[in-house]
Amino acid sequence: MSVYKKLQEARIMLQNTKLTKSGKNKFAGYEYFELGDFLPQIQEICHKVGICGTITFYTDIVILSIHDVDGTHPPIEFKCPMSSAQLKGCHDVQNLGAVQTYLRRYLWTNAFEIVEHDALDATTGKEEPVKKPEPKVEPAPPKAKPIAGDPGEWRIVAPAKPEGDPKEWLELVKTASFMLLDLCVNEEDVMLIFRKNKVLFDTVKATDAVFFKEMMKKFTEVNNMFKKEQ
């Protein structure tokens, strides 16, 4: 059996497993899957079907490799550009750990086709507002390609346009956008992300209009959650 068939069987087995969301965005009022909500089940299923996943972090990219434990087939790779963030009150190691955890969750979600954003659960009532973090992306290294977006808070660090495979560039922009949306505490934050990176989003739209439309659904959903709280 090929590693592709084994992965597909694993996806179906996970699909028939009841998963519970433990992550809660108190400000936008929705729940989401944390890594611990599905990774133990995935590991059990992978063991049953005979595959194993490994994640490797490089300076510019993260790769989730799905291996056939029999070693008879080459692995399937799921790639995501490496990102960085600097949250107020956190030192460098904490920031790195937060990014790695987010990207691990993103890659496993992608590999096993776990649906997240189109199954948001609105909650009733309002939480007391807390002081929002002040996320910002660290400056690009000297050899980095031209970066899109205005400098400052809520800026997405990404090449101004796709180079090579456009799918990887599109995934980078989407991942960075969703990371920032998770940190929003009101409608103004959502709009700031969009305005700050409008040139980048315009390029996404010109590159793949369908991908852009799907990505903007997340902005609309988060924005609507805040409206319901008013």
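The values are calculated or read from the model by the stated rules, or taken from the named source; none is laboratory data. Predicted model, so just to flag it, every value in this text is computed and none were measured. Here Cβ is always computed from backbone atoms with ideal geometry, including for glycine, and neighbour counts include all displayed protein chains.
Observations, loosely collected:
- Scanning segment 206-230 for residues that are within 22 Å of LYS161 (Cα to Cα) and not in a helix (DSSP H, G or I) turns up just one, ASP208.
- If you check THR175, THR203 for being of a type outside the set (Gly, Ala, Ser), over 25 Å from PHE226 (Cβ atoms) and assigned to a helix (DSSP H, G or I), only one passes: THR203.
- The numbered conditions (1) out of contact with any Ser or Thr (no Cβ under 8 Å at 6 or more places or on another chain); (2) surrounded by fewer than 18 Cβ atoms within 10 Å (Cβ to Cβ); (3) at pLDDT 75 or above; (4) under 27 Å from GLY97 (Cα atoms) are all true for ALA160 except (1).
- The residues of segment 79-109 that are at pLDDT 80 or above, not basic (Lys, Arg) and not in a helix (DSSP H, G or I), listed by number, are CYS80, PRO81, MET82.
- Residue-level analysis places PHE212 among those that are surrounded by 18 or more Cβ atoms within 10 Å (Cβ to Cβ), farther than 27 Å from ASN95 by Cα, at pLDDT 85 or above and among the aromatic types (Phe, Trp, Tyr).
- Residue check for GLN15: more than 25 Å from MET82 (Cα to Cα) and surrounded by 14 or more Cβ atoms within 10 Å (Cβ to Cβ): no
- Residue count for segment 152-168 under the criterion of being of a type in the set (A, V, I, L, M, F, W, C) and either part of a strand (DSSP E or B) or more than 12 Å from PHE201 (Cα to Cα) (or both): the result is 2.
- Top-ranked residue in segment 213-230 [being within 15 Å of the chain's Cα centre (by Cα) and free of Cβ contacts under 8 Å to residues at least 60 places away in the same chain; ranked as nearest to ASP182 (Cα to Cα)]: PHE219
- For GLY36, the criteria (1) in a helix (DSSP H, G or I); (2) under 26 Å from VAL222 (Cβ atoms); (3) touching a helix residue (DSSP H, G or I) at 6+ places or on another chain (Cβ under 9 Å) hold in every case but one, which is (3).
- Residue pairs meeting the criteria (Cβ under 8 Å; at least 6 apart or on separate chains; first closer than 14 Å to THR109 by Cα and modelled with pLDDT under 95, in segment 1-15; second surrounded by 13 or more Cβ atoms within 10 Å (Cβ to Cβ) and aromatic (Phe, Trp, Tyr)): ALA10/PHE112; ARG11/PHE112; LEU14/PHE38; LEU14/PHE112
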